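Chemist: Right, I'll just put the structure down here and ask away after.
Please treat every number below as a calculation from the coordinates, not as lab data. Just so you know, these numbers come straight off a predicted model, no measurement behind them. Heads up, the Cβs are rebuilt from the backbone with ideal geometry, glycines too, and the neighbour counts pull from every protein chain shown.
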Amino acid sequence: METFEWYSKLLKPAWAPPSWIFGPVWSVLYIMILISFGMVFVKSWRKELSFLIALPFILNLLFNFAFTPLQFGLRSNLLAAVDILLVLVTLIWSMVSIFPHYSWITYIQIPYLLWVSFATVLQLTITGLNWKQ
C-alpha cells in the first residue's frame, strides 16, 4: 500500500486540515527555522553562545526530521506521537533558553510553536483514533 493511500485511510478528526496544506506551511516554517536556528548555530560555533543553549535547537531538528520517517516510513502513529511531543518540548526549551540572549529568535519561533502545538494535538488524536489498527 502506498504511503499516501495508507495515510488517507487513517481515521482523522473532522477538524484535520487537508493533506496539501502541510507542504506550504512547512515551507514557510523551514525558512524561519533556517534563519533563527542558523543564527544560534553560528553564534554557538563562534563560542558566543554556550553549547547548552544550542542543544535544544539541535535536538529539535533531529526530532523534527525524524517525524516523517516514523510516521510515513514505518507507518507508526505511536512513534510519530512520541516524536511530535519531543519536537514540542525541545521547541519550548529552545525558546526559553535563547530568550535572554536573542529575544527575536524566540519571537520568530511563535508560528512554529503554534503549528507544532496544533500538529501535536492532531497526531495524538489520530493515534488515539487508530489505536487498534
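Chemist: In deg cm²/dmol, rounded to 500, what helix-only [θ] at 222 nm does the chain give when every DSSP H run of at least 4 residues adds -39500 (n - 2.57) and the total is split over its residues?
Modeler: For the chain, the value works out to -24000 deg cm²/dmol.
Chemist: Using the crude model of +1 on Lys and Arg Cβ and -1 on Asp and Glu Cβ, and no other charge, please compute the dipole size for the chain relative to its Cα centre, in debye to 20.
Modeler: Here the size comes out at about 100 debye.
Chemist: Can you find, among Thr106, Ala16, Leu52, the residue sitting farthest towards the positive end of the charge dipole of the chain, where Lys and Arg contribute +1 and Asp and Glu -1 at Cβ?
Modeler: The one lying farthest along the dipole's positive direction is Leu52.
Chemist: Can you give the local net charge around Asn77? Use residues other than it whose beta-carbon is closer than 13 angstrom to its beta-carbon, Lys and Arg +1, Asp and Glu -1.
Modeler: The answer is +3.
Chemist: Rounding to the nearest 10 and keeping the result within 0 to 90°, find how far the Cα-based axis of helix 110-129 lies from the longest principal axis of the chain.
Modeler: On a 0 to 90 degree scale, this one is about 30.
Chemist: Any chance you could give the angle, 0 to 90 degrees and rounded to 10, that helix 22-45 forms with the longest Cα principal axis of the chain?
Modeler: Result, in degrees: 30.
Chemist: As I understand it, the value is the acute angle between the Cα axis of helix 51-68 and the longest principal axis of the Cα atoms of the chain; what does it come to in degrees, rounded to 10?
Modeler: Here the helix axis deviates by roughly 20 degrees.
Chemist: Quick check: the distance between the Cα centres of segment 1-48 and segment 96-128, to the nearest angstrom?
Modeler: Centre-to-centre (Cα) distance: 11 Å.
Chemist: Moving on to the next point. Please check which bits of segment 101-133 a label hung off Leu78 would reach, taking the label as a point 7 Å along Cα-to-C-beta and the cut-off as backbone N under 18 Å.
Modeler: 123-133
Chemist: So how far apart, in nm, are the two label points at Leu34 and Leu124 if each is 7 Å from Cα heading toward Cβ?
Modeler: Placing both labels 7 Å beyond Cα along the Cβ direction yields 3.2 nm.
Chemist: Now a separate question. How much net charge surrounds Ile53 when only other residues with a Cβ under 13 Å from its Cβ are counted (Lys, Arg +1; Asp, Glu -1)?
Modeler: In short, +2.
Chemist: Continuing with this model, one more query. Using 1/(1 + (r/R0)^6) with R0 = 30 angstrom and r between the beta carbons of Lys12 and Val89, what's the FRET efficiency to the nearest 0.05?
Modeler: Calculated transfer efficiency: 0.80.
Chemist: What lysines does Lys12 reach when the alpha-carbon gap must be under 17 Å and sequence neighbours fewer than 8 apart in one chain are set aside?
Modeler: Lys132
Chemist: While we're looking at this one, here's another question. Which whole-number percent gives the relative contact order of the chain, counting Cα pairs below 8 Å spaced six or more residues apart?
Modeler: 31
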